[in-house]
Amino acid sequence: MTSKKTILRPKIALYEPDIPQNTGAIIRTCSCFDVTIEIIEPCGFMLNDKRFKRVVMDYFDEKMIKFYSNYDEFFKIKNKQKERVILMTTKAPDTYSNFKFNLNDTILFGRESAGVPEKIHKLVDRRLKIPMSFKKRSLNLATSVAIVLSESLRQNKLI
């Protein structure tokens with residue numbers, strides 16, 4: 001009898017995403033790298049939103065997306081599976097490029113309009129940032145996901 005070997009890969013999690021075009025672009029990026037995307041609801045738009053569909057095109061595959069009804073459910077499952085949750089935030093002291101990503105990390109990104117509440121900051125394993133010019137507030141969410149996901153995949157020799 002043979003067993004199917006599971007290949008560990010990072011996961012991208014979005015906390016209550018509220019811009020359909022960004023979520024569509026992130027799903028497309030995750031699809032291209034065979035990475036699961038996890039959405040912590042409530043979502044600020046419907047998945048049949050024409051703005052979402054225009055960006056995600058034919059990259060949308062329901063098998064690659066997991067939904068959580070709220071952050072309590074998300075963290076309960078992550079703790080049970082012993083997966084690290086790495087929060088990307090402009091308020092972090094450490095940068096993503098100085099961090100060692102594990103194969104099965106979940107990299108969490110906040111809402112475009114508000115990030116994540118302080119209670120989420122207290123639940124994660126690590127908080128990291130993408131260094132930028134001091135005069136700028138933040139990168140586009142889809143761009144941030146692509147930068148950090150690429151580094152995680154590179155470190156773990158998955159690309």
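Descriptive notes on the structure:
- Cβ-placed point charges (K, R +1; D, E -1), dipole of segment 63-123 about Cα centre in debye, nearest 20: 220 debye
- Around the Cα centre of the chain, unit charges on the Cβ atoms of Lys, Arg, Asp and Glu (plus for the first two, minus for the last two) sum to a dipole of about 440 debye.
- Residue 77 versus residue 104: modelled label distance in nm, points set 7 Å from Cα along the beta carbon direction: 1.4 nm
- For residue 11, net neighbour charge (Lys/Arg +1, Asp/Glu -1) across residues whose Cβ lies under 13 Å away: 0
- For segment 66-154, a Kirkwood radius taken over Cα pairs fed into Stokes-Einstein (10 °C, viscosity 1.306 mPa s) yields D = 116 µm²/s.
- Estimated vicinal HN-Hα couplings, Hz - segment 8-18 in sequence order (Karplus 6.51, -1.76, 1.60; Gly, Pro = x): 6, 9, x, 10, 10, 10, 10, 8, 6, x, 10
- Accessible surface of segment 76-159, 1.4 Å probe, proportion on carbon and sulfur as whole %: 50 percent
- Using the Karplus relation 6.51 cos²θ - 1.76 cosθ + 1.60 with θ = phi - 60°, the per-residue 3J(HN,Hα) values for segment 108-118 come to 9, 10, x, 5, 4, 7, 8, x, 10, x, 4 Hz, with x marking Gly and Pro.
- Summary of packing: across the peptides 67-80, 23-36, 130-143, 106-119, the per-residue average of other C-beta atoms within 10 Å ranks them, highest first, as 23-36, 106-119, 67-80, 130-143.
- Among the listed pairs 11/63; 66/91; 78/122, a Cα-Cα separation exceeding 20 Å is found for 66/91.
- Where [x] 9.1; [y] 13.0; [z] 10.5 are the candidate values, the label of the one calculated here for mean projected area of the Cα convex hull in nm² is [z].
- Solvent exposure of the chain amounts to 60 Å² per residue of accessible area, where only protein heavy atoms count and the probe is 1.4 Å.
The values are calculated or read from the model by the stated rules, or taken from the named source; none is laboratory data. Remember, predicted model here, so these are calculated numbers, not experimental data. Neighbour counts run over all protein chains shown; Cβ positions are idealised from the backbone, glycine included. When the accessible area is computed, the model is the full protein with side chains, heavy atoms only, and any ligands, DNA or RNA have been set aside. Shrake-Rupley method; radii C 1.70, N 1.55, O 1.52, S 1.80 Å.
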